[in-house]
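See below for the structure under consideration.
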Amino acid sequence: MKEDQGQGADTLDAGENPALFAEAENGFALGTLNDVVGLHVGFANSAIVKHFLQTLSPLGLTPKQTAILWLIQENPDVAKADLARLLKVERATMQAMVNSLSERALIVSRPAETDGRRVRMALSDEGVRILAAAQDAVARHEAWIRGKFSPEELELFVRLAQRLYR
């Protein structure tokens, strides 16, 4: 058993005994379902997202909103359409997220100089402040994830995970 550094509760480490994990997940026997790789990817994703949401919740930000702020900072005058493509969300969804950040006065928008149909975005002073706090939260979250792996395991994990989405 390893201590869940984010919550302080004991969790089963599947690496210690995979066969035991097949019988112990929330008291259910997984049986041959334990052989479904996607199930374990989903469990890992759920744990990561849950921890990330808890880490960001004091700031009132979602992971995607954090990514939007970060990307705007890294790419001054980025367009909403470009962010939508990068984050693989519909343009309407991106518009709703941008509206939410604008209502909180975290970003400012203006027409692009070369194409009035495109809207360019930048962080407001409050957006810069909130993003700095979010980046600290992301660093804590990353430390939680990285603490579950050795450096070699982490490098391998990232390389293998990239195969699924590249």
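Nothing in this text is a laboratory measurement; each read-out follows from the coordinates by a stated rule. Bear in mind that the values here come from a model prediction, so they are computed numbers and not experimental data. Neighbour counts run over all protein chains shown; Cβ positions are idealised from the backbone, glycine included.
Before moving on, here are some points about what is shown:
- Pairwise label distance in nanometres, residue 54 with residue 75, each label 7 Å out on the Cα-Cβ vector: 3.2
- At R0 = 25 Å, FRET efficiency that the Cβ-Cβ distance of residue 159 and residue 64 yields, to 0.05: 0.50
- Label zone at residue 140, where the point sits 7 Å out along the Cα-to-Cβ direction: segment 50-84 residues whose backbone N lies under 14 Å: 51-61
- Going from the fewest other Cβ atoms within 10 Å to the most, the residues 55, 32, 62 appear in the order 32, 62, 55.
- For residue 61, no residue has an amide H sitting under 5 Å from its own, ignoring neighbours fewer than 5 places away on the same chain, with H placed 1.01 Å from N.
- Distant-in-sequence amide H partners of residue 148 (H built 1.01 Å from N, under 5 Å): none
- Dipole size of segment 60-166 about its Cα centre, with +1 on Lys/Arg Cβ and -1 on Asp/Glu Cβ: approximately 380 debye, rounded to the nearest 20.
- The Rg/Rh ratio of segment 60-166, with both radii computed over alpha carbons and Rh defined as the Kirkwood radius, is 1.05.
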